[in-house]
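Structure record follows, encoded as structure tokens.
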Amino acid sequence: AHPDVIGNDGLAPLEGYQNDLAYLKSKVDAGADLIVTQLFYDTDIFLKFVNDCRQIGITCPIVPGVMPINNYKGFIRMTGFCKTKIPAEITAALEPIKDNEEAVKAYGIHLGIEMCKKIMAHGIKTVHLYTLNMEKSALAILMGLGLIEESKISRSLPWRRPTNVFRIKEDVRPIFWANRPKSYISRTIGWDQYPHGRWGDSGNPSYGALTDYQFLRPRAKDKKLIEEWAVPLKSIEDIYERFRLFCLGKLRTNPCQQSMGEKSDSPTVGWGGPGGYVYQKAYLEFFCSKEKLDALIEKCKDRPFLTYMAVNKEGVWKSNVAQTDVNAVTWGVFSAKEISQPTVVDPVSFTAWKDEAFESWYRGWASLYPEADASRKLVEEVGSSYFLVSLVDNDYVNGDIFGVFADF
């Protein structure tokens, strides 16, 4: 039934339900030829709904709307808004893993597969998956149902193409925002041109003009984030240790919100479709002290293939590339096509990106501590004194980007 007639127990009174069915029948009689349902997690309720529709003469296809559970908070918010009835076994399965996003997502995929299997076993051949622009769970469900093969899935670009119709032809981005589309699009919302085919004007004023961080919304201080990052910090070595554990995969949260050619149809790194090769230069981005940066710069003098850019919160700039240089770090070679270079590194966008990057020290990490806490002051001191560094090894055949750190 419509949410307006559903009670707090997730059920509608019989009269309200029958009135909604009659209203739905009138829509079909007026010419509607397809019904797509709201999300649900109790397949028995959906199957009963289909049977009730058939009993009153609705004969058009009824497509179940299945929304994979991608994260616990989003699931609770959406089902609360829609007054969706949640079976007790789903609540019991989610409760012990609700703070583990990967576990929740894996359960959501498993649940989606089982729901679709049961629905399809009753003769319904069409399912609508609510992706919410998070296609990985939907693809995993389709693979779990045997409807598609993993080898047949190809990304047109190494980053997710924007859904905005006005940006659909955009096919190159600064690598700093390749996996942060919200903040990138916020910065370039006023563009009257979008790069396609080749990188355009890297001096576009859209980058330099937007120095505020209105797109940086404060993160919810969830339990796991506080548990892993709001720990006592007595020295800079304690900060190093947090990042070391994160890089080793021993911390699941992050307050900062990533060789040779590979075949383009590779299931892990491929993009652009079959029949080509994709390449990626070794690329690192990190924060370091001025002393460590000076040592790094000295070592780079003997390594002409390494290019670096570094900037601190105040805008002090150090680099061995010109302000107008644009360096393609990802590219693809395909039959009968121009070479595609969808991710680039350039000084203008890096300088604009630094505002958001440094803000992560303050709004991301430091804000987890009380105002006058010594740990908070230490994190803020690092944010105000360290440099943000971008390092690219342009020898993508024989390079060793980590070699420059050998004696640090």
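The values are calculated or read from the model by the stated rules, or taken from the named source; none is laboratory data. Here the structure is a predicted model, which is why all the values come from computation and not from measurement. Please note: Cβ atoms are built from the backbone with ideal geometry, for glycine as well, and neighbour counts cover all protein chains shown. The protein model used for the area step is the full one, side chains on, heavy atoms only, and it has no ligands, DNA or RNA in it. Shrake-Rupley method; radii C 1.70, N 1.55, O 1.52, S 1.80 Å.
If you roll a 1.4 angstrom probe over the protein chains with everything in place, what fraction of the accessible area of region 287-408 belongs to carbon and sulfur, to the nearest %? Numbers along the way, then the final one.
On the way: 2960 of 5600 Å².
Reported share for carbon and sulfur atoms: 53 percent.
Going through the cross-link list LYS290/LYS318; LYS73/LYS354; LYS224/LYS292; LYS250/LYS299; LYS73/LYS224, which pairs have a Cα-Cα distance over 21 Å in this structure?
Values: LYS290/LYS318 10 Å; LYS73/LYS354 30 Å; LYS224/LYS292 32 Å; LYS250/LYS299 31 Å; LYS73/LYS224 13 Å.
Pairs exceeding the cut-off: LYS73/LYS354; LYS224/LYS292; LYS250/LYS299.
In order along region 130-144, phi translates into HN-Hα couplings of 7, 8, 6, 6, 10, 6, 4, 5, 4, 5, 5, 5, 5, 5, x Hz, rounded to whole numbers, per the Karplus curve 6.51 cos²θ - 1.76 cosθ + 1.60 with θ = phi - 60° and x for Gly and Pro. Each residue of region 343-351 was assigned a 3J(HN,Hα) from its phi angle through the Karplus curve 6.51 cos²θ - 1.76 cosθ + 1.60 (θ = phi - 60°); the sequence is 10, 9, 10, 8, x, 5, 5, 5, 5 Hz, with glycine and proline shown as x. Compactness of region 277-352 is given as radius of gyration and Dmax, 14.7, 49 Å, from Cα positions.
Using Stokes-Einstein with the Kirkwood hydrodynamic radius over Cα pairs, what translational diffusion coefficient do you get for region 245-383 at 25 °C and a viscosity of 0.890 mPa s, in µm²/s rounded to a whole number? Numbers along the way, then the final one.
Values: Rh = 18.0 Å.
Result for D is 136 µm²/s.
Maximal additional length on extending the GLU102-GLU237 stretch stands at 45.7 nm, based on 0.36 nm per residue less the C-alpha distance. Computed packing ranks the peptides 337-344, 139-146, 119-126 as 337-344, 139-146, 119-126, most packed first, by mean other Cβ atoms within 10 Å.
For ILE226 and LYS299, a Förster radius of 25 Å and the Cβ-Cβ distance give a FRET efficiency of 0.05, rounded to the nearest 0.05.
Summing charges over neighbours of ILE90, with a neighbour being any other residue whose Cβ is under 11 Å away from its Cβ, gives -3 when K and R count +1 and D and E count -1.
A crude spin-label estimate for the pair VAL36 and ARG54, with each label 7 Å from Cα along the Cβ direction, gives 2.3 nm.
The packing ranking of peptides 12-24, 97-109, highest mean first, is 97-109, 12-24, where packing means the average number of other beta carbon atoms within 10 angstrom of each residue. Annotation: lysines with alpha-carbon distance below 22 angstrom to LYS117 (same-chain offsets under eight excluded): LYS48, LYS85, LYS105, LYS125, LYS136, LYS152.
Taking only the C-alpha atoms of region 1-101, Rg followed by Dmax gives 15.2, 48 Å.
Before I look further, what does region 1-114 give for accessible area per residue, probe 1.4 Å, in whole square angstrom? It would help to have the intermediate numbers written out before the result.
Numbers: 6380 Å² over 114 residues.
Normalised by residue count, the accessible surface of region 1-114 is 56 Å².
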